[in-house]
Amino acid sequence: MSVTDVQKVITRAHHEEWARVVAALASRFGDLDIAEDAAAEAFATAVERWPADGVPPCPGAWLTTTAHRKAIDRVRREKKRGDKQREAQMSYDDRPEPLGPIEDERLRLIFTCCHPALAMEARVALTLRMVGGLTMAEIARAFLVRESAMAQRITRAKAKIKAARIPYRVPCEEDLPGRVTGVLAVLFLVFNEGYLATGPDTDPVRHELTAEAIRLTRLIRALMPQDGEVAGLLALMLLTEARRTARVSPSGELIALGEQDRGSWDAALIAQGHRLVRERLAAGEPPGRYQILAAINAVHTCARDARDTDWSQVVALYDQLVRIDPSPVVALNRAIAIAELDGPEVALSSVDRLEDELAGYHAFHATRADLLRRLGRSQKSRAAYDKAIELAGNTAETAHLTRRRDQLGQRPSR
């Protein structure tokens, strides 16, 4: 195997095994700093040794074992060896640990990272780092803050977990309903980072993140089968993931929903998502945010052709969503649907009213650019595309916006 092939294996192993290694170490040592540092050292060792020694038969097991040894070495070097030495000895103890309602270390890691004692931004950032394996730079771009500030935020979150002795476990069954809302919000953020990555130096679509978010949401669904929002989030993820292979062209450009090859969508995932949406409709309960978003996606994936989309139904669902989530991003998405139903002029007036709140959001300028293009206002459309390209971080989206801008023709001479 060539050095390049080994590097690809290591990259794939990082995508697939990072959360497993961190979760296993956190379970043994009860310390996120030790878990993260030892995992990073294990991957660094793999980068050094695998090209010379060859890729081990079970990369995940090799990484976990190596990380455990690194962690044990660290706790032995600590000056205060009492409790930490006993923790190191526990790493050799194969007796089963008491588990929560779901026996999955990564899920326990998520509930720890999403503990309500932490601020929501800290929960999301910590989960993206500890579970998703994103770099500090990628998380900082997602939050629109400096990398140093994000590093401090994550450090403070880990310190609070340690100081408050937040348990590393899935909550007991009676506490789950109150805790699951925060977990769903974090999983949705993780899924979105995979669905459309924020970093310019990463793959535009990160399947390992969307797959992990779906897997963990399935676990929560199995635990709480009657919770409508859990079902709604799972349906939303499945219907979105079904379109993944059609979203980026071979040249690396994002393909808009209306231009995608619908024959390449994953029919099995769509069927699962539609079934969950129908189950929630049959329940007759007022839907929450995720259930409505799933229903919107169900309308899109029901249409065999983009021209067959029931836009009146989409707008009606957005009207319902605005009542429970009156955010400017929801209003922007509703305006996109209005453009298909009532025309770009009506939609543009709604979009322009959102400028003060969404001036730093690339999708706002991309939407304005498209509406202005459809209205024949090329100069203003070009300016809006320029701003959207400046703010967009995803390479596939940048390529799409650049092509649409360039289709407007050359900039007029002065």
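The values are calculated or read from the model by the stated rules, or taken from the named source; none is laboratory data. In this text, all values refer to a predicted model and were calculated from it rather than measured experimentally. So basically every Cβ, Gly included, is an ideal-geometry build from the backbone, and we count neighbours across all protein chains shown. We work out accessible area using only protein heavy atoms, side chains counted, and drop any ligands, DNA or RNA first. Shrake-Rupley method; radii C 1.70, N 1.55, O 1.52, S 1.80 Å.
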request  = May I ask you to give the solvent-accessible area per residue for the range 198-353, in square angstrom, as obtained with a 1.4 angstrom probe?
outcome  = 46
remark   = Computed, not fitted: 222 nm per-residue ellipticity of the chain from DSSP H runs ≥ 4 (each -39500 (n - 2.57)), nearest 500, equal to -22500 deg cm²/dmol
inquiry  = Along the Cα→Cβ direction, 7 angstrom out, place labels at E121 and A303. What is the inter-label distance in nm?
reply    = 3.7
remark   = Too long for a 27 Å Cα-Cα cut-off, among K70/K162; K158/K387; K8/K162; K70/K160, are K158/K387; K8/K162
ask   = So which trypsin sites (Lys or Arg not before Pro) in the range 280-371 are both in a DSSP loop and have at most 16 other Cβ atoms within 10 Å of their Cβ?
value = R304, R353
task = Report the Stokes-Einstein translational diffusion coefficient (µm² s⁻¹, integer) for the range 288-351, Rh taken as the Kirkwood radius over Cα pairs, at 37 °C with viscosity 0.692 mPa s.
result = 277
inquiry  = Using Cα springs under 10 Å in a Gaussian network model of the chain, which residue among D356, D310, D342 shows the largest mean-square fluctuation?
reply    = D356
task = Could you point to the residue in N297, V230, L276 farthest towards the positive end of the range 191-307's charge dipole, with +1 and -1 charges on the Cβ of Lys/Arg and Asp/Glu respectively?
result = L276
task = With a 1.4 Å probe and every protein chain kept in, tell me what percent of the accessible surface of the range 320-414 is carbon plus sulfur.
result = 46
request  = Please report, as a whole percent, how much of the solvent-accessible surface of the range 117-186 comes from carbon and sulfur atoms (probe radius 1.4 Å).
outcome  = 54
message = If I build a Gaussian network model for the chain, linking alpha-carbon pairs within less than 10 angstrom, which residue out of L254, L281, L184 has the largest mean-square fluctuation?
response = L281
query = How long is the gain from R49 to R374 if the chain were fully straight, where each residue apart is worth 0.36 nm and the alpha carbon distance is subtracted?
reply = 111.4 nm
request  = Mind giving me the nanometre distance, one decimal, between the label points for A137 and R275, set 7 Å out from Cα along Cα→Cβ?
outcome  = 4.3
task = Work out, step by step, the length gained on full extension between D319 and A383: first 0.36 nm times the residue separation, then minus their alpha carbon distance; give nm to one decimal.
result = 20.0 nm
ask   = For V248, which sequence-distant residues (separation of 5 or more, or a different chain) have an amide H within less than 5 Å of its own amide H, given hydrogens modelled in the peptide plane?
value = I255
request  = Select from the chain the helices, each a whole stretch of DSSP H, whose alpha-carbon atoms run 30 Å or more along the helix axis and whose Kyte-Doolittle mean is at least -0.5; answer none if there are none.
outcome  = 3-29, 32-53
Residues with amide H under 5 Å from that of D310, placed H, sequence gap 5 or more = none
query = Counting only protein heavy atoms and using a 1.4 Å probe, what share of the accessible area of the range 1-70 belongs to carbon plus sulfur, as a whole percent?
reply = 50
request  = Mind checking the per residue accessible area of the range 2-72 for me, 1.4 Å probe, whole number of Å²?
outcome  = 44
Cα Rg, Dmax, the chain, angstrom units = 23.3, 78
